[in-house]
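In what follows, a single structure is set out as structure tokens and then discussed.
The values are calculated or read from the model by the stated rules, or taken from the named source; none is laboratory data. On a predicted model such as this, the values are computed, not experimentally measured, just so you know. Here the Cβ positions follow ideal geometry from the backbone for every residue, glycine too, while neighbour counts run over all protein chains shown. We work out accessible area using only protein heavy atoms, side chains counted, and drop any ligands, DNA or RNA first. Shrake-Rupley method; radii C 1.70, N 1.55, O 1.52, S 1.80 Å.
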Amino acid sequence: QVQLVESGGGLVQPGGSLRLSCADSKNIFSDSDMGWYRQVPGKARELVAYIAPRGGTNYGDSVKGRFIISRDNAKNTVDLQMYSLKPEDTAVYYCNAGGSVLFRRSGGYWGQGTQVTVSS
């Protein structure tokens, strides 16, 4: 049963912006760390950003200063605002729950993924 549903992926030009959203459809992760990982074919999933319930965050080195993660308690969503997108940001982006901001690890709950393609 899908509990984390991503949306907002698509095609964007280099330098552009895109906003992803992850919906906690069952409203069960309000007290859990949540965030985003991404994966390129042939490579392991990579931390993009993670956020704790009270707002603490951790970002992957390659996106620091360009991406902002946030959560909306009223809507039960975790959003990822991406700026200054580069071709190397092209990947499938996965919402994740139950991991750790502090220890930079993923948890056992994954969304289905949404494709982000950065190309001229």
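Output the antiparallel fraction of DSSP beta bridges having both residues in the chain, as a percent to the nearest 5. Walk me through the numbers on the way to the answer.
Working: 36 of 39 bridges.
For the chain, the DSSP antiparallel bridge percentage is about 90.
With all protein chains present and a 1.4 Å probe, how do ILE68, ILE51 order by accessible area, largest first? Can you show the working numbers first?
Numbers: ILE68 90, ILE51 10 Å².
The ordering from most to least exposed comes out as ILE68, ILE51.
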**Complete:** Sorted by accessible surface (1.4 Å probe, heavy atoms of the protein chains only), largest first, ASP33, ASP72, ASP61, ASP89 come out as ASP61, ASP72, ASP33, ASP89
**Prompt:** Which aspartates and glutamates, on any chain, are close to LYS26 with Cα under 19 Å apart, when same-chain ones fewer than 8 places away are left out?
**Reply:** GLU6, ASP72, ASP79
**Asked** Hey, rough spin-label estimate for LEU102 and ASP31, points 7 angstrom out along Cα→Cβ, what's it come to in nanometres?
**Response** 1.6 nm
**Complete:** Under 5 Å from the placed amide H of GLY16, counting only residues 5+ away or on other chains, we find LEU85
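Taking the Cα centre of the chain as origin, sum charge times position over the Cβ atoms of Lys and Arg (+1) and Asp and Glu (-1), and report the length of that vector in debye to the nearest 20.
Values: 13 positive and 10 negative charges, 26 e Å.
That gives the chain a dipole magnitude of about 120 debye.
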**Prompt:** Based on the alpha-carbon gyration tensor of the chain and its eigenvalue square roots a ≥ b ≥ c, which shape applies: rounded if a/c is under 1.5, prolate if not and a/b is larger than b/c, or oblate?
**Reply:** prolate
**Under 27 Å from LYS86, Cα to Cα: lysines that are on another chain or at least 8 residues apart** = LYS43, LYS64
**Request:** Return the whole-Å distance between the Cα centroid of the range 26-42 and the Cα centroid of the range 90-110.
**Result:** 4 Å
**Complete:** When the charge dipole of the chain is computed with +1 on Lys and Arg Cβ and -1 on Asp and Glu Cβ about the Cα centre, the Cα farthest towards its positive end, among GLY42, PRO53, SER70, belongs to GLY42
**Request:** Assign one of three labels to the range 57-120, namely rounded, prolate or oblate, based on the Cα gyration tensor with a ≥ b ≥ c the square roots of its eigenvalues; rounded applies when a/c is under 1.5, prolate when it is not and a/b is larger than b/c, and oblate otherwise.
**Result:** prolate
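Could you give the longest part of the chain that holds none of the trypsin sites (Lys or Arg not before Pro) found in DSSP loops with at most 14 neighbouring Cβ atoms within 10 Å? Intermediate values should be presented prior to the final figure.
Values: sites that count: LYS26, LYS43, ARG54, LYS64, LYS75, ARG104.
With trypsin sites (Lys or Arg not before Pro) excluded where exposed in loops, the chain gives 76-103 as its longest stretch.
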**Request:** Keeping the other protein chains in place, figure out the carbon and sulfur percent of the accessible area of the range 1-85, with a 1.4 Å probe.
**Result:** 47 percent
**Message:** Per residue of the range 86-96, what does 6.51 cos²θ - 1.76 cosθ + 1.60 with θ = phi - 60° give for ³J(HN,Hα)? Whole Hz please, x for Gly and Pro, Karplus curve as stated.
**Reply:** 10, x, 6, 7, 4, 5, 8, 9, 10, 6, 9
